[in-house]
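> I have a structure I would like to understand better, so I am pasting it below and will then ask my questions one at a time.
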């Protein structure tokens, strides 16, 4: 008997959208959380009942990405920060695990009112960008090279 192998590939498609196409409850939630923020761009990801709008705003001199549902529930906030604002455990883990890293982007990830992770994009001796996610105790949660 011949074995048949079926591979299913699921691709998340993110598409740039006009601000006007972001539903009013989502807009209101972002504006309430970040009053006076200037809107930079918006993307829509997912399909059907799993749509998430990812809105990038500038507030208080920081770039912030907000993942919000069409009904206005903020799911996640990624805020670019200075690495010095991260906990020492995260900074130490970055330095010891990736000593040649040249940080390009350092983000604090929040869900609800709690910071849950730190995402770091950097260049290194691999010659390709890398992205590492640390939990708040400095443990590596995920890693992507190149």
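What follows draws every value from the coordinates through simple rules; no lab data is involved. What you are looking at is a predicted structure, and each value in this text was computed from that prediction instead of being measured. Glycine gets a Cβ as well: all are built from the backbone with ideal geometry, and neighbour counts include every protein chain shown.
> Most exposed first by the Cβ proxy, i.e. fewest other Cβ within 10 Å, how do 134, 106, 19 rank?
Taking fewest neighbouring Cβ atoms as first place, the list is 19, 106, 134.
> Cα extents of the range 15-71 along the three principal axes, largest first, in whole Å?
Projected onto the principal axes, the Cα atoms of the range 15-71 cover 34, 19, 16 Å.
> Could you estimate the translational diffusion coefficient of the range 60-127 from the Stokes-Einstein equation, with Rh from the Kirkwood formula over C-alpha pairs, at 4 °C and 1.567 mPa s, in whole µm²/s?
The Stokes-Einstein estimate is 98 µm²/s.
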